[in-house]
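Here is the structure we will look at, set down as structure tokens.
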Amino acid sequence: MSASAPLAAFACVLRRDLLLALRRRSDVATTLFFFVIVVTLFPLGVGPEMSLLRTMAPGVLWVAALLASMLALGRLFAGDYADGTLEQLVLAPHPLGLLVGAKIAAHWLVTGLPLVLLAPLLGLAFDMRAEALGTLTLSLLLGTPTLGLIGAIGAALTLGLRGAGLLLSLLVLPLYIPVLIFGAGAVEAVAGGLGPGAHLSVLGALLVLALFFAPWAAALALRISLE
Amino acid sequence: MLVANGLECVRGGRRLFRAVGFELDPGTALEVQGANGSGKTSLLRMLCGLLAPAAGEILWNGADIRTLGEAYRGELVYLGHQNAIKDDLSALENLLVSETLAESAVTPAAARDSLARLGLAGCADLPTRVLSQGQKRRVALARLLFRERCRLWVLDEPFVALDQQAVREIAAIIAAQLGGGGIVVYTTHQEVAVAAPRRTELRLGR
């Protein structure tokens, strides 16, 4: 095996999943629409009081992003599981954690990154200030990959179970709490005139930790689910 | 050499088989027989390391396959009863992805040639969702043409859904692999003559 082989395998899975997402754009669109609709429901429900909306905005946007990325998790492994390609990934002569990492990366690029890019636009509707919008984008950029990584473990564990969707949310949502607290916290800190540095550092640390452990944990869970 | 000792399989609280053992030298074909539900697929999945046996061990050249990991997976081809192809990708793309992952020396031209050999010349660029069941099976089987170097082929019902000409073609590919010293473990419900230097049969179930 040459030294570049694992990298080639990573790129191969990443490319395949992106290509599949491109061929099935509706899947990606549903996640985005869900995010947009949940966020726009709040001003309709609460009423057009600007100061209230501005206070709520970080929390609302973060919770909506969190729910949207959880909703997308079900598709992470389900397709590969149903058509047998997951077995072939497990049997490929590469570390499974690496291939799972590629799948998570592709999943984030098509479901997470669009949320990050869309969030500041929706933030405008909540009358958020410019620096708060910047911090919101940055915090989502650091936070949503962590959501995908943690969620992948849950998705792998619940693979092939009946009622997997509900079980997945029960399993994963509590684990999302730290990301939510520090993500929304960063934006609130900026809105309150403080620096976002501390919150963003914690988000970054969570991301590094998840990057390091989650793909391997998910790989282990996949092997169990495939038995 | 592939050796299985005292394998036992329990699925859903029911024991499917116990004390199954065999030794397969290079060039041996093992045909696993048995009624539906007798544990043929489970046995094949055990040989791949996808399913842990309730008891017993599987040795590849004297080492437990669970400790071998990637080194063993590099020697192995598994064709499950699912085709493991993506509906939204073309036959060519599917083959290129699976062979890149398996580290085969594959080029688009070579992939096209092997698809043509299996009678898929006209539909290499169509999404596989529009192909027939038999054509999908052929796409999955095209992998075998790139895996001569793999010493162990585990094939779960390779001939299912294929027409007679394709069955003969696949049987010839398997025979060539056996002639080259490969080990092939397979199941089939069809009467297919696979020429093998050595062959063994294993009957599961009562």
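Give A:Gly112, A:Gly79, A:Gly97 a once-over and let me know the one that is touching a Leu at 6+ places or on another chain (Cβ under 9 Å) and away from every other protein chain (no Cβ under 14 Å). Reasoning before the result, please.
Details: A:Gly79 fails: away from every other protein chain (no Cβ under 14 Å); A:Gly97 fails: away from every other protein chain (no Cβ under 14 Å).
On inspection, the qualifying residue turns out to be A:Gly112.
Which of (1) out of contact with any Phe, Trp or Tyr (no Cβ under 8 Å at 6 or more places or on another chain); (2) free of Cβ contacts under 8 Å to residues at least 24 places away in the same chain; (3) assigned to a helix (DSSP H, G or I) does B:Thr41 not meet, given it meets every other one?
Among (1) out of contact with any Phe, Trp or Tyr (no Cβ under 8 Å at 6 or more places or on another chain); (2) free of Cβ contacts under 8 Å to residues at least 24 places away in the same chain; (3) assigned to a helix (DSSP H, G or I), B:Thr41 violates only (2).
Within segment B:63-101, restricting attention to residues that are among the hydroxyl-bearing types (Ser, Thr, Tyr) and touching a strand residue (DSSP E or B) at 6+ places or on another chain (Cβ under 8 Å), which residue is surrounded by the most Cβ atoms within 10 Å (Cβ to Cβ)?
Applying the first criterion (among the hydroxyl-bearing types (Ser, Thr, Tyr)) to segment B:63-101 yields B:67, B:72, B:78, B:90, B:98, B:100.
Those left that are additionally touching a strand residue (DSSP E or B) at 6+ places or on another chain (Cβ under 8 Å): B:72, B:78, B:90.
Numbers: B:Tyr72: 22, B:Tyr78: 25, B:Ser90: 20.
Filtering segment B:63-101 for residues that are among the hydroxyl-bearing types (Ser, Thr, Tyr) and touching a strand residue (DSSP E or B) at 6+ places or on another chain (Cβ under 8 Å), the one surrounded by the most Cβ atoms within 10 Å (Cβ to Cβ) comes out as B:Tyr78.
Any idea how many residues of segment A:191-227 are over 19 Å from A:Trp108 (Cβ atoms) and either surrounded by fewer than 23 Cβ atoms within 10 Å (Cβ to Cβ) or under 15 Å from the mean Cα position of the chain (by Cα) (or both)? So that I can check it myself, show each step before the final result.
Residues of segment A:191-227 that are over 19 Å from A:Trp108 (Cβ atoms), as a first pass: A:191-199, A:201-202, A:220, A:223-227.
Now narrow it down to the ones that are either surrounded by fewer than 23 Cβ atoms within 10 Å (Cβ to Cβ) or under 15 Å from the mean Cα position of the chain (by Cα) (or both): A:191-195, A:197-198, A:201-202, A:220, A:223-227.
Of the residues in that region, 15 qualify.
Considering only segment A:82-101, state which residues are surrounded by fewer than 22 Cβ atoms within 10 Å (Cβ to Cβ) and under 20 Å from the mean Cα position of the chain (by Cα).
A:Gly97, A:Leu98
Would it be correct to say that B:Leu47 is more than 7 Å from every other protein chain (Cβ to nearest Cβ), crowded, with 18+ Cβ neighbours inside 10 Å, of a type outside the set (Gly, Ala, Ser) and outside any strand (DSSP E or B)?
Details: more than 7 Å from every other protein chain (Cβ to nearest Cβ): yes; crowded, with 18+ Cβ neighbours inside 10 Å: yes; of a type outside the set (Gly, Ala, Ser): yes; outside any strand (DSSP E or B): yes.
So B:Leu47 passes the test.
Is there a residue in segment B:158-174 that is outside any loop (DSSP other than H, G, I, E, B), in contact with a Ser or Thr (Cβ under 9 Å, 6 or more places away or on another chain) and not β-branched (Val, Ile, Thr)?
Filtering segment B:158-174 down to residues outside any loop (DSSP other than H, G, I, E, B) leaves B:164-174.
Adding the requirement that they be in contact with a Ser or Thr (Cβ under 9 Å, 6 or more places away or on another chain) leaves none.
No, segment B:158-174 contains no residue that is outside any loop (DSSP other than H, G, I, E, B), in contact with a Ser or Thr (Cβ under 9 Å, 6 or more places away or on another chain) and not β-branched (Val, Ile, Thr).
So, in segment A:1-59, how many residues would count as being in contact with a Ser or Thr (Cβ under 8 Å, 6 or more places away or on another chain) and surrounded by fewer than 15 Cβ atoms within 10 Å (Cβ to Cβ)?
Residues flagged as in contact with a Ser or Thr (Cβ under 8 Å, 6 or more places away or on another chain) and surrounded by fewer than 15 Cβ atoms within 10 Å (Cβ to Cβ) within segment A:1-59 amount to 1.
If B:Ala63 passes every condition in (1) more than 19 Å from the chain's Cα centre (by Cα); (2) farther than 22 Å from B:Glu157 by Cα; (3) within 11 Å of chain A (Cβ to nearest Cβ) but one, which one does it miss?
(3)
Just so you know, all these numbers are worked out from the coordinates, no wet-lab data involved. Please read these numbers as outputs of a predicted model, since none were measured by experiment. In this analysis, Cβ positions are derived from the backbone assuming ideal geometry, glycine residues included, and neighbour counts consider all displayed protein chains.
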